[in-house]
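Each remark here refers to the structure printed beneath this line.
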Amino acid sequence: MRKSLVIAFFVTICFIAFVISKIVISILLYKRWKRKHVIYEGYTGGKMVIFRSSILKSLTTEMVLKKTQKLNNKDIIGSGGYGVVYELKLNDSAAFAVKRMNRGTAERDKGFERELQAMADIKHRNVVTLHGYYTAPHYNLLIYELMPNGSLDSFLHGRSANKKVLDWKTRHGIALGAARGISYLHHDCIPHIIHRDIKSSNILLDQNMEARVSDFGLATLMEPNKTHVSTIVAGTFGYLAPEYFDTGRATVKGDVYSFGVVLLELLTGKKPSDEAFMEEGTKLVTWVKAVVQEKKEELVLDSSLGSCCPMHEVNKVFNIAMMCLEPDPLDRPTMAEIVNLLEKTETGS
Ligand SMILES: Nc1ncnc2c1ncn2[C@@H]1O[C@H](COP(=O)(O)OP(=O)(O)O)[C@@H](O)[C@H]1O
Ligand SMILES: [Mg+2]
């Protein structure tokens, strides 16, 4: 009798322990599921695509995904017409620039992915590499290589505290590098690519201050109304070719004109949207053209270049800029010709 009581007691204890352990395990599993669920909640319906590259080979897509989700205001390195740009540090040797853009319609987004896949094949030392992208219900992310020296725009026109002076050799190198990058897009890519948004903030600088062209094709990737707004803004600030206002069509010669404006920025250190021009009712291009006609280039040359600047080289670059800024697109040189001309300037020939 007593023995059976003991057995019953043990059986009851074992049963209770079993039930309790099941409850504990269930709670732990639920907590784990919930934690995971929260992490991936933001990704429902999202898709991350990482292009194969040596830098990203060792990193999993999931790891990149998790890190991008943690980006916050502290990581912002810039913002512009297309959205906010964050710095994404994955480990000590891998860092990227992540651009966040709001999504367009489903149809446009299909085009967006197709064009991004095409961009993945574009590799040139003067063009910023796109490493991958992420599409979520309300936004898209573009993952680019990080350019440690930021944009030419911030170098030339940044706040005086972080404004660094670029010497003539560096400026010439940047002009040549950018010209090579654009020339590659125009002439060597199949199909050829019209950049549509050449400006100093789209010319980025790597650790050796070499130029890399960025944001090519983004104008086509954006929603039409947004592209329009951004184009008008760029036009207002003096980068758009005059014929664009009549035809509304982007052409390679339109890119050449915008590149001419960038050359003027490098030469004069002035921003096309400088308030002084607005006040006087003129533009950077008109102002410089008048001075070059009178052969008084030294009057508009950036004063921070100092007096030891080789004026024969400077004058040649002024002339190249004038050719790019010809009112008739047919009179402007091609980007391949500009590369040639800038190379000749370099050797002093
Ligand atoms: N790959 C990159 N590496 C470093 N900085 C970048 C990169 N891409 C963009 N930036 C910075 O973010 C800023 C905003 O870029 P963007 O959104 O393209 O606008 P915009 O070209 O109109 O300035 C740029 O001016 C630049 O300083
Ligand atoms: Mg840009």
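The values are calculated or read from the model by the stated rules, or taken from the named source; none is laboratory data. Predicted, not measured: the structure shown is a model, and the values here were computed from it. Cβ atoms come from the backbone with ideal geometry, glycine included; neighbour counts cover every protein chain shown.
A few points about this structure:
- Helices (runs of 4 or more DSSP H) enclosed by the range 274-343 - at least 1 residues per element that are among the β-branched types (Val, Ile, Thr) and under 28 Å from the mean Cα position of the chain (by Cα): 284-293, 311-324
- Of all residue pairs spaced 6 or more apart or on separate chains, none has beta-carbon atoms under 7 Å together with a first member in the range 134-156 that is within 16 Å of residue 94 (Cβ to Cβ) and in a helix (DSSP H, G or I) and a second member that is modelled with pLDDT of 90 or more and within 14 Å of ligand 2 (Cβ to nearest atom).
- Pairs with Cβ under 6 Å, 6+ apart, first in the range 177-205 and of a type in the set (S, T, N, Q), second within 16 Å of ligand 2 (Cβ to nearest atom) and in a loop (DSSP other than H, G, I, E, B): 202/214; 202/215
- Output for the range 56-100, where each listed residue is within 9 Å of ligand 1 (Cβ to nearest atom) and in contact (Cβ under 8 Å) with a residue 60 or more places away in the chain: 77, 78, 80, 81, 82
- With respect to the stated conditions, residue 262 is in contact with a strand residue (DSSP E or B) (Cβ under 8 Å, 6 or more places away or on another chain), aliphatic (A, V, I, L, M) and touching a residue at least 24 places away in the same chain (Cβ under 8 Å).
- In the range 148-159, the count of residues that are more than 30 Å from residue 61 (Cα to Cα), at pLDDT below 85 and either among the aliphatic types (A, V, I, L, M) or surrounded by fewer than 20 Cβ atoms within 10 Å (Cβ to Cβ) (or both) is one or more.
- Listed by first and then second residue, the pairs linking a residue in the range 112-125 that is buried (at least 16 other Cβ atoms within 10 Å of the Cβ) to a residue that is in a helix (DSSP H, G or I) and acidic (Asp, Glu), with Cβ atoms under 9 Å apart and 6 or more places separating them unless they lie on different chains, are 124/188.
- Qualifying residues in the range 254-286 (those that are among the aromatic types (Phe, Trp, Tyr) and at pLDDT 90 or above) - the one farthest from residue 243 (Cα to Cα): 259
- Lone qualifier among 91, 162, 72 - being in the same structural domain as residue 191 (by TED's automatic domain parsing), at pLDDT below 90 and not aromatic (Phe, Trp, Tyr): 162
- On inspection, residue 129 qualifies as more than 30 Å from residue 304 (Cβ to Cβ), within 10 Å of ligand 1 (Cβ to nearest atom) and either surrounded by fewer than 19 Cβ atoms within 10 Å (Cβ to Cβ) or not hydrophobic (A, V, I, L, M, F, W, C) (or both).
- Looking only at residues in the range 188-219 that are in a helix (DSSP H, G or I), among the polar types (S, T, N, Q) and near ligand 2 (Cβ under 9 Å from one of its atoms), the one that is surrounded by the most Cβ atoms within 10 Å (Cβ to Cβ) is 202.
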